[in-house]
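The values are calculated or read from the model by the stated rules, or taken from the named source; none is laboratory data. Note that this is a predicted model, so its numbers are computed, not measured. Note that each Cβ is placed from the backbone with ideal geometry, even for glycine, and that neighbours are counted across all protein chains shown.
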Amino acid sequence: MQLPIRIRLTISYFLIFLVAGTLLCAASYWMARRSLYIAFDHELDEHVDDVRDFFAARRLGDDEARAKAEAAAEFALKDDGKWLQIANDEGHWIYRAPRMMLAPHDLPRGIALPGAGSILEFDAGGKQVRSLRRAFTVEGRMFVAESGATLTRTNQTLLLFRNGLLLISPIVLISAGLTGHLLSRRALAPVAAIAREAQRIHDVNLQLRLPRLDTHDELAHLSSTLNEMLERIESGVRSVSEFTAYASHELRTPVALIRTEADLAMQFERTPREYREAIAIIGSEAQHMSSLLDSLLFLARADAGTETVHLEPIDARGICRQAFDKWRPLLAKARLQLRLNIPEHSVSALADSAYLQRLLNILLENAGKYTPAGGCVTLELAVDRGSARCAIIDTGIGIPLRDQAHIFERFRRASNVQQADAPGSGLGLALAAWIVRHHGTTLSVDSIPGHGSTFTFELQLVPQLESCGVEKPELSGLRIG
């Protein structure tokens, strides 16, 4: 079973302090023991120096008998209770303290000892003794002295220190565990608050937000990130709701008209002309529904990311010419004049041919829809500052200034569309904006109510490199979307 984060953090704190405390105690005990032993060995070394200085001051190097007598007189009283023995280089004893007889052992020859001497530990009478053996020379004669002392006091000091560590360590560890638990609770309290608030948010109250933290830490960043995510979710849900509402509203009208015309046609006998008129109405509404459904499916695919734009070099002049040839007779039926203003030479631009044609169709259809009879629509293409600039200009009803910032939103239409009495769903310009955006540019509008509108976008030109002896770069593999 997975433990809560608070418990895991507490256990982690405890284990970290346990390991750190164990290492600290071991290091402290080792350093204390080493320091005591260094001081202990220093005293032994000083005692051997005293023995050497005594032999040098009395000039005992050439008289073994006098050395024995004076050493006994000097050290028997002065160092009573000390562990001391002295021998010459031949192994003859100069002095041997009575305590040394508790654990008798011979001294090695001086040449066998290192210059700083050697340390020896042994048991004598139930006591642990630590001694230093060192050779020294007086008047050309080598002597070996061994000075020792019991480790009773040193071991007692170390025992007290160790017991103190063993006593204080559990207290420190328990305190560390409790402190870690309190710290983890305090650190995770904002997380618990965020979780409680998040549980309250559902599809009905998506406008609620998590508490904002002023701590400027990771939790504050988490809260801010979750709030941004909630804003995107709210926007997505609102978009889906509006999409569904508008779609159902727009589809209801043509479906109702189709059913009405079909019912009327079936109820009464009619002339062939009346049947043709009914079928024409049904066909017109079916075409309107088909166009609406096509736009809705396109936007759905765009939102899902399945619509992709393939950019490749195309002749923008040829695309504009095709759009002109397609729309001139259609606009002529509405008594509108369509003008074409394009360069005489081809314009190689980076675009998706199919999407560019659809974009021009949307803009030309809108221009014809909102331009009164007798008006004029102009399709322009010009090369300007290294880009192909395309504009659709009409002399229609125009767009109020307050609506110009919203006309590229889905299901949004200008407030003056009733003047043109033109049907529409408010999806065309949203589709156009998507196409232009995925061509790496923007669709701008300049409009004056009552005088017409101008929609403009730009395409990137393809540099002509063949004349320089350089191969044209491969662009057909570039994808945006």
Cβ-Cβ under 7 Å pairs, at least 6 apart or on other chains, the range 436-448 side without any contact (Cβ under 8 Å) to a residue 60 or more places away in the chain, far side surrounded by 15 or more Cβ atoms within 10 Å (Cβ to Cβ) and among the acidic types (Asp, Glu): Thr441/Glu458
Breaking point among (1) outside the structural domain of Gly125 (by TED's automatic domain parsing); (2) in contact (Cβ under 8 Å) with a residue 40 or more places away in the chain, for Leu151: (1)
Residue check for Asp384: in contact with a Ser or Thr (Cβ under 8 Å, 6 or more places away or on another chain) and among the charged types (D, E, K, R): no
Within the range 176-209, tally of residues that are out of contact with any Asp or Glu (no Cβ under 7 Å at 6 or more places or on another chain), surrounded by 12 or more Cβ atoms within 10 Å (Cβ to Cβ) and over 21 Å from Pro4 (Cβ atoms): 3
Single unsatisfied condition, Ala414 versus (1) over 27 Å from Val240 (Cα atoms); (2) among the aliphatic types (A, V, I, L, M); (3) modelled with pLDDT under 90; (4) out of contact with any Phe, Trp or Tyr (no Cβ under 7 Å at 6 or more places or on another chain): (1)
Count of residues meeting criterion [in contact with a Ser or Thr (Cβ under 9 Å, 6 or more places away or on another chain) and among the basic types (Lys, Arg)] in the range 11-34: 1
Conditions (1) touching a residue at least 60 places away in the same chain (Cβ under 8 Å); (2) out of contact with any helix residue (DSSP H, G or I) (no Cβ under 9 Å at 6 or more places or on another chain); number of the one not met by Leu401: (1)
Phe17 hydrophobic (A, V, I, L, M, F, W, C) and under 30 Å from Thr137 (Cβ atoms): no
Condition met for Ala382 (more than 22 Å from Asn341 (Cα to Cα), outside any loop (DSSP other than H, G, I, E, B) and either modelled with pLDDT of 90 or more or assigned by TED's automatic domain parsing to the domain that holds Asp315 (or both)): no
Residue match in the range 210-221 (condition: surrounded by 14 or more Cβ atoms within 10 Å (Cβ to Cβ), in a helix (DSSP H, G or I) and not aromatic (Phe, Trp, Tyr)): yes
Residue among Leu331, Leu356, Leu360, Leu350 that alone is aliphatic (A, V, I, L, M) and either outside any helix (DSSP H, G or I) or not assigned by TED's automatic domain parsing to the domain that holds Ala432 (or both): Leu350
The range 256-305 - residue that is part of a helix (DSSP H, G or I) and of a type in the set (Phe, Trp, Tyr) and, of those, modelled with the lowest pLDDT: Phe298
Residue satisfying all of: in the range 103-117; surrounded by 14 or more Cβ atoms within 10 Å (Cβ to Cβ) and closer than 26 Å to Arg34 by Cβ; nearest to the chain's Cα centre (by Cα) among these: Gly117
Long-range neighbours under 9 Å by Cβ, at least six apart or interchain, first residue over 13 Å from Glu234 (Cβ atoms) within the range 197-223, second of a type in the set (Asp, Glu) and in a loop (DSSP other than H, G, I, E, B): Ala220/Asp214
Residue in the range 313-320 that is touching a His at 6+ places or on another chain (Cβ under 9 Å), in a helix (DSSP H, G or I) and in the same structural domain as Arg410 (by TED's automatic domain parsing) present: yes
